[in-house]
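Below: one structure, written as C-alpha cells.
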Amino acid sequence: MTSFSQTSKKIRIEYAPFANSDSLRGPGVTVFTRDNMQQVHFAHEGIDMWCDRAVYYEKEDFIEAYSNVVMKQGDTVNMNAKYVEYSGKTQLAFAGGNVILTEPKSTLTTDTLHFDKVKQQAYYNTGGKVVRDSSGTITSRIGRYYMSNKKYQFVNEVVLVNPQYTLNTDRLDFYSENGHAYLYGPSTIVGETSTIYCERGFYDTENDTGYFVKKSRIDYDSRIIEGDSMYFDRKIDFASATNNIKITDTINNSVAKGHYAEVWKAKDSVFITKRALLISVQEKDSLYMHSDTIRVNGPPESRITRAYYNAKLYKSDLSGKADSIHADHKTGLTRLINLARFSSTDAFSGKRNPVLWNMGNQMTGDTIHLIANPKTEQLDSLLVFNDAFVISKDTLGDGYSQTKGQRLIGLFKDNELYNIDVIKNAEVIYFMRDDKNELIGINKSKSASINMQIENNEIVETRFINQVDGDIYPESEFPENARKLRGFVWREEERPKSVEDLFVDDPPLNLPIIKGLGEYIPQEEFFDEELMQRVEDAKPKDAKEDEVSKASRNIPEEAIKKNDSIKSANKLPSKKVLKKEK
C-alpha cells in the first residue's frame, strides 16, 4: 500500500496498493491500481474519490480516474461514473459514462457532467434525467444543480413525467427538498381530466397544487377557465381564478365572466362573482345575465344556473330584472324570483319585484317563469304568478295600456308576445284607436279573466270572460287619477338597453393587486470568468507557451472562445492556456 500526504491543498492518496511511474506520460506521472480488497482512494478538501485505476499528474495536481468511479462530498452528495477527471488546483471535476449524481431527495443521470466544488454546482449540456420519488422524472437538454439550496435549473426540452400528469416547459426551476417547481415560458401540464397552460407558474409536485399567472388557462372536459391568476388542486379537482376571468362551457355554448371564480370539476360546479356575467351564446342574439353572484351546477345535459342579488337579463328583444334568477338548461325554464327575505311592506319591495321587458311590454309579478325551447332557444311561453301586471306605453300619446290580475300566461312567436291570458280578478286599461291611429276611447274593465291578442306590440283584440264591470270613455271624460290601476309602477329607467347597462348599479370595482411570480432569472454562465481564471492559474508556471492545461480539456469550445473574446474586449493579455487538447 502506498500512502503519503501532500500539502494541505493538494490531492491526498489515501489508499493505493499498486503504484507505477509512467515515464511515457511525462515526469511526475503515477498510475495507481486497486487490489482485491478495495479501490484506490483519494481525498481533497472534503471530497473523497474511489476508483479501480487512476493516473495522477503531480505537477498539475490532476487525476484521471477509471472504472467504477465513486465521488462523495460529505454525507449528502454521491456521484458514480465510468470515468472522472479532477483538478486539485481548480477543484473542477468532469465525469463521463453512466454518470449518476445522488442527493437525499433526488437522483440525476446523464452522459457527461461538470462539477465545480468551489461554486457547489453541477452542470450538464448533453441531456439528463432527474428522478424524485414523489414528484416524478424530469428530463432536459441542459441542467444545473445548485447544491447549497438544493435547486435544479432545467433549460431546453424540459419534461416532467408523473403518473398523474406530464409537464412540458421551456425552463423549469425545481427544488428537490420540497418538490416545488417554477415554470417559465410556454408551459403545459396534461393530466387525465385537465390540461393547464401558462407562461409563468408554480407547481407543488408533492401536494399536486399549482399557481399560474400570465396567459393562464385550464381545460376540463367541457369547460375552459382563463384568468390573470389561477390556483389548481388536482387531488380535489378544484380550480379558482382571480381578475379578468373567462369560463367557456364548450357543450352548452356559454361564457361566464367576472373577477373571482371557483370551479369544482367532480361536482360540475362553477361559482363566479365580482361583476359576474353569463353569456348564452346564440347565433344571432346572445342572452346576457348579470348579478352579484352566479352559480352553474350539474352535468352538461342538465345544467342549472342561479344568479342572485340584483340579477339582470339582456338580449335585443328581451330584458329582465329580479332579486334572483334560476335557469334550467334542460327544460328551458327560467324563473325570476323575489326572495321571501324582502317583505311586501318594504318601501323598496316594488323595485325588487321581478320585471320583464319584451318589446314595449313591461311585465311584473311576485315570480315570473320564462319558458324557451331548449333546442331552438326560441321563447315559448311566459307565466307570471301573483299580482301579475302588464304595462305598455301608448305609442301615440302619454298614457299607458295596463292589464293586471292574479296570474298571467303569455305565448310567444318568433320571440314576440302575441297572446296574453290574465286569470282571476283581471283589470284592464287600454287605449283604443281606429285604422288611422286616432284615439276612439279608453277602455277600463274588470273581469274574471281576460284574453288579449297582440300584433306589432299593440293589442288588436280583447275578450272578457265573465265580465264584471267595464266601459269605454272618451279621453276628455276619463280623469287623470283613474288612468293608472292600483299597483302601477313604470320601471322603464331600470330597463337594461345594452350589455353595459347591466352594470350601472354595481359598486366601484376594486381588483386585488396580484403579486404573481418573479421574472425568470437566466442561468449564469457555468464557465464564467472566475472559473476560467482558475483554469488559467492552474497551469504550471514553468509550462511552455503552447502547453495545454489538463484542467481545460473538457471545457466546451464555445466557453473558451467566449472567455477569449471577453479578455480581448478588456484588453487583457492572453496566456493561450485554454487551447483544446488534441
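Here is a check on your reading of the model: is ASN425 in contact with a strand residue (DSSP E or B) (Cβ under 9 Å, 6 or more places away or on another chain) and either in a strand (DSSP E or B) or open to solvent by 60 Å² or more (accessible area, probe 1.4 Å) (or both)?
Against the criterion (in contact with a strand residue (DSSP E or B) (Cβ under 9 Å, 6 or more places away or on another chain) and either in a strand (DSSP E or B) or open to solvent by 60 Å² or more (accessible area, probe 1.4 Å) (or both)), ASN425 qualifies.
Within region 171-218, track down each residue that is more than 23 Å from GLY127 (Cα to Cα), outside any strand (DSSP E or B) and open to solvent by less than 10 Å² (accessible area, probe 1.4 Å).
Scanning region 171-218 gives a single hit, SER194.
Among the candidates TYR123, TYR86, which residue alone is modelled with pLDDT of 95 or more, in a strand (DSSP E or B) and farther than 23 Å from ALA43 by Cβ?
TYR123
Quick check on region 140-160. Is at least one of its residues within 22 Å of the chain's Cα centre (by Cα), over 29 Å from ILE555 (Cα atoms) and surrounded by fewer than 20 Cβ atoms within 10 Å (Cβ to Cβ)?
no
Kindly establish whether LEU417 is closer than 28 Å to GLU475 by Cβ, part of a loop (DSSP other than H, G, I, E, B) and either open to solvent by 10 Å² or more (accessible area, probe 1.4 Å) or not polar (S, T, N, Q) (or both).
no
Contact list please: Cβ distance under 6 Å, first residue in region 473-487 and among the hydrophobic types (A, V, I, L, M, F, W, C), second residue surrounded by 15 or more Cβ atoms within 10 Å (Cβ to Cβ), pairs at least six apart or on different chains.
Once the first residue is among the hydrophobic types (A, V, I, L, M, F, W, C) and sits in region 473-487, its partners that are surrounded by 15 or more Cβ atoms within 10 Å (Cβ to Cβ) give PHE478/ILE442; LEU485/GLN402; LEU485/LYS404; LEU485/GLU427.
Residues that are of a type outside the set (D, E, K, R), free of Cβ contacts under 8 Å to residues at least 40 places away in the same chain and within 18 Å of SER447 (Cβ to Cβ), at least 2 per element: which strands (runs of 3 or more DSSP E) completely within region 359-409 meet that?
Those strands (runs of 3 or more DSSP E) span 379-393.
Restricting the search to region 11-34, which residues are in a loop (DSSP other than H, G, I, E, B) and either open to solvent by less than 30 Å² (accessible area, probe 1.4 Å) or modelled with pLDDT under 90 (or both)?
Listed by number, the residues that qualify are ILE11, PRO17, ASP22, GLY26, PRO27, GLY28.
Can you tell me how many residues in region 445-477 are assigned to a loop (DSSP other than H, G, I, E, B), modelled with pLDDT under 80 and touching a strand residue (DSSP E or B) at 6+ places or on another chain (Cβ under 8 Å)?
1
I'd like to check something: does region 389-404 contain any residue that is closer than 29 Å to ALA322 by Cβ, touching a Lys or Arg at 6+ places or on another chain (Cβ under 8 Å), open to solvent by 50 Å² or more (accessible area, probe 1.4 Å) and hydrophobic (A, V, I, L, M, F, W, C)?
No - not one qualifying residue is present in region 389-404.
The values are calculated or read from the model by the stated rules, or taken from the named source; none is laboratory data. All values derive from a computational prediction rather than experimental measurement. Quick reminder, even Gly has a Cβ in these numbers, built from the backbone with ideal geometry, and neighbours come from all protein chains shown. Surface accessibility is based on the protein's heavy atoms, side chains included, excluding ligands, DNA and RNA. Shrake-Rupley method; radii C 1.70, N 1.55, O 1.52, S 1.80 Å.
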